[in-house]
Structure formats: C-alpha cells, structure tokens
Amino acid sequence: MNACKSIAGFAFAAACMAAMAAEAPTDTTREERMDAALQNYRDTHPDAGGGPFARAEESVKHGARRAGEAIKHGAHKAGAAIGHGVRKTGDAIGRTGEKMEGGSKAAP
C-alpha cells in the first residue's frame with residue numbers, strides 16, 4: 001500500500017514538473033503577442049501620448065502647477081490679511097491713545 005502511494009506521489013510530482021516545464025515557452029509567446037499588440041495599438045493611436053507613463057508624468061506636472069498656483073494665491077491672501085490686520089491694529093491703538101489723552105485732559 002505504501003509503495004502504491006509513493007509511486008502515485010512520484011507520478012503526480014513528475015506530472016506537475018512536466019506541466020510547469022510546458023508553461024515556460026507559452027509565456028515567451030504570450031509576451032511576444034503582448035508586445036505586438038502594444039505596438040499595434042501605438043501604430044493605430046498616434047495621439048496616445050506615449051503610454052501610461054507619459055500620461056502619469058503630465059498628470060504630476062499638472063498637479064504641481066495647480067499646487068503652485070494655490071500656494072501663490074494663499075500667500076497673496078495671507079499677505080492681504082496681515083496688512084489689513086496691521087492697519088486695524090494701528091487704528092485701534094490710535095483710538096486708544098486719543099481716549100487716554102482725552103481722559104487725562106478732562107481730569108484737571
């Protein structure tokens with residue numbers, strides 16, 4: 001019984017190894033077919049933009065431009081807000097000084 005199991009196990013292992021060895025050449029032909037299909041696609045779609053890497057690169061550049069514009073806009077708004085705050089603070093200090101001067105003049 002054990003001899004039958006070990007013979008069956010060896011036969012199964014041999015069959016698996018044969019199947020794995022048979023798959024290697026089909027991968028090469030599949031790769032060639034994929035390359036041919038890609039070349040065919042590129043030939044029929046000249047406006048494809050060079051493939052996914054070129055599109056990804058353009059997308060990154062577009063995102064960087066938008067981020068730069070957003071930073072510039074934010075800096076401009078922050079600068080305007082700071083300038084507005086400085087003017088308002090100066091006005092408030094001036095009014096406080098006027099009130100203090102007016103209060104001390106009325107006391108004597």
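The values are calculated or read from the model by the stated rules, or taken from the named source; none is laboratory data. This structure is a prediction, so every number in the text was calculated from the model and none was measured. In this analysis, Cβ positions are derived from the backbone assuming ideal geometry, glycine residues included, and neighbour counts consider all displayed protein chains.
Entry remark, the stretch 76-108: residues being at pLDDT below 90 and among the small types (Gly, Ala, Ser) number 7 in total. Residues being polar (S, T, N, Q), surrounded by 10 or more Cβ atoms within 10 Å (Cβ to Cβ), assigned to a helix (DSSP H, G or I) and modelled with pLDDT under 90 are entirely absent from the stretch 52-75.
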